[in-house]
Amino acid sequence: PCARDPFIDDNIEFARRLRSLNVPHQMTIVDELPHGYLDFGIVARDVGENNARVIHMLQNIVRKSHSNDIADLTSALTITS
């Protein structure tokens, strides 16, 4: 999610619940971007760079789920600017 997302509180609460259940997850909060920012990757360089990070993260998740190796998916909260 992004820091300016109207659903940020729901996302944080969901991450807290996952952590309480010991479910491996990672949550990255992107600062200074609006809700729906992924749609603007072709017009803003910083959005495009963040889109590349999201794609890389999703590829890693798919790769790990394919091999059933999720042990190194740690619970983390990351805030980027």
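FYI, it's all coordinate maths here, none of it is from the lab. Please read all numbers here as calculations on a predicted model, not as lab measurements. Glycine also receives a Cβ, built like all others from the backbone with ideal geometry; neighbour counts cover every protein chain displayed.
Working from label points 7 Å from Cα in the Cα-to-Cβ sense, the Asp39 to Val23 distance is 2.7 nm. Taking amide H as placed 1.01 Å from N in the peptide plane, Arg4 has its amide H under 5 Å from the amide H of Glu32, Leu33, each at least 5 places away in sequence or on another chain.
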